[in-house]
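K.L.:
Sharing a structure with you now.
The values are calculated or read from the model by the stated rules, or taken from the named source; none is laboratory data. Remember, it's a predicted structure, so these values are computed and weren't measured experimentally. Neighbour counts are summed over all protein chains in view; Cβ atoms, including those assigned to glycine, are modelled from backbone coordinates with ideal geometry. In case anyone asks, the SASA skips ligands and DNA or RNA and just uses the protein heavy atoms, side chains included. Shrake-Rupley method; radii C 1.70, N 1.55, O 1.52, S 1.80 Å.
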Amino acid sequence: MPTINRFAEFHDEITAWRRDLHQHPEILFDVHRTAGVVADKLKAFGADEIVTGIGRTGVVGVIRGKTNNSGKVVGLRADMDALPIREIRDVPYKSTVEGKMHACGHDGHTAMLLGAAKYLAETRNFDGTVVVIFQPAEEGGGGGREMVDDGMMDRFGIQEVYGMHNMPNLPVGQFAIRPGGLMASADLFEIHIEGRGGHAAQPHTSNDPAMVVAQLVNAFQTIVSRNANPIESMVISVTQIHMGDANNVIPQTAWMNGTVRTLDPAMRDLAQARMNTICEHVGAAFDAKVKLSYKRNYPVTMNHAAESSFAASVARQIVGEGNVNENAPPVMGAEDFSFMLEARPGAFIFVGQGAGAALHHPEYDFNDDIIPIGCSYWAKLVETAMPAS
């Protein structure tokens, strides 16, 4: 594969960075060590500007090309945070922090973008400016939203923005992308139910909230099966139900929560509206108080058509014509790079991780063999988007 030779030369060095990050996982916005490592390396590489504390603990580096006749500014983003999962693999670089591990490959994403930054600062063979973005709190904290809300796009003049994620079981040496919705929105809901408690032997003197829970769980699935267009994707999952403290007591209250995932904003609106109506009327039917709290969290990761096509063309330069799927099936998982794609045109792409454990699994590990591929993609994207004049 025509990866850039320079990355083969310091593949071992980038791998060492990745494994150091793997040994010291940090979650959500508490990525102070990781952010410090990133900032120190960007300084050592000779980045023209390094700013920390963007979006609370994000790091942004600016690297200017040999010329800037184009006036173009391209952003490249990697995520830094780990997950609250206990690692069960026994490797020399195993997590040293109990209950935390890099189970999604963000250590690899950070290392690959650092590798690209080192190369770009060394060669500067482009006409314009590249902004490397190291983001905290992708795993549920909305760090992408925080960086956008902190004014990152305007502050650094970013005109286009690109992201990349490893994909287990996509073969090494392949990429996958699609225009439009690539990953789902992810909304959160909580429902508090108040009935009337009493003795389990005398249900007629009580108002059992378990009956309300049962009706809601079933009714929510009718949104998917009877309200949503069958060719549109929607997943409503009730993931927690809590009620009661004893086996002979009908509880006074119940609590449940879960997620809603869609690939289309109209389906997102439909799900929220129908859940509101169902909660209201099920509560009335059972004479119980039902309160729904619905939080719109990550929007659909919506690739822009022109930028998606461009990203695919760059990937083909690295892995060849037949190894880039430009119409990959969408994924119902979510990604807060979506906030950056709402702020600027751009595209998100998957890079093959090869066979192995799935993302968010305690046996997952990033495949260091793909480092030259990912680094080459970033470097080629910059040099192709802003060719040296």
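K.L.:
List the strands (runs of 3 or more DSSP E) that sit entirely inside region 153-210 and contain at least 2 residues that are of a type in the set (Val, Ile, Thr). Break it down stepwise before answering.
P.N.:
On the way: elements: 160-168, 180-183, 185-194.
Answer list for region 153-210: 185-194.
K.L.:
Which strands (runs of 3 or more DSSP E) sit wholly inside region 31-135 and have at least 1 residues that are free of Cβ contacts under 8 Å to residues at least 60 places away in the same chain and not polar (S, T, N, Q)? Give the derivation first.
P.N.:
Details: elements: 49-54, 58-64, 73-79, 129-135.
In region 31-135, the matching strands (runs of 3 or more DSSP E) lie at 49-54.
K.L.:
Here are some residues: 235, 224. Which one is crowded, with 17+ Cβ neighbours inside 10 Å, under 36 Å from the mean Cα position of the chain (by Cα) and either polar (S, T, N, Q) or under 27 Å from residue 184 (Cα atoms) (or both)?
P.N.:
Values: 235 fails: crowded, with 17+ Cβ neighbours inside 10 Å.
That would be 224, the only listed residue that is crowded, with 17+ Cβ neighbours inside 10 Å, under 36 Å from the mean Cα position of the chain (by Cα) and either polar (S, T, N, Q) or under 27 Å from residue 184 (Cα atoms) (or both).
K.L.:
If you don't mind, another one. Under 6 Å between Cβ atoms, which residue pairs at least 6 apart in sequence (or on different chains) link something in region 217-235 that is under 24 Å from residue 254 (Cβ atoms) and hydrophobic (A, V, I, L, M, F, W, C) with a partner that is open to solvent by 60 Å² or more (accessible area, probe 1.4 Å) and at pLDDT 95 or above?
P.N.:
Taking only residues 6 or more apart or on different chains, the pairs are 223/274; 235/261.
K.L.:
Next question, about the same structure. Output yes when any residue across region 64-81 is within 25 Å of residue 365 (Cα to Cα), open to solvent by 10 Å² or more (accessible area, probe 1.4 Å) and not small (Gly, Ala, Ser), and no when none is. Break it down stepwise before answering.
P.N.:
Going through region 64-81, the residues within 25 Å of residue 365 (Cα to Cα) turn out to be 76-81.
So of that shortlist, the ones also open to solvent by 10 Å² or more (accessible area, probe 1.4 Å) come out as none.
The answer is no; no qualifying residue exists.
K.L.:
Given the options 176, 184, 210, name the one that is small (Gly, Ala, Ser), farther than 23 Å from residue 64 by Cβ and surrounded by fewer than 18 Cβ atoms within 10 Å (Cβ to Cβ).
P.N.:
Details: 176 fails: surrounded by fewer than 18 Cβ atoms within 10 Å (Cβ to Cβ); 184 fails: surrounded by fewer than 18 Cβ atoms within 10 Å (Cβ to Cβ).
After ruling out the rest, the residue left standing is 210.
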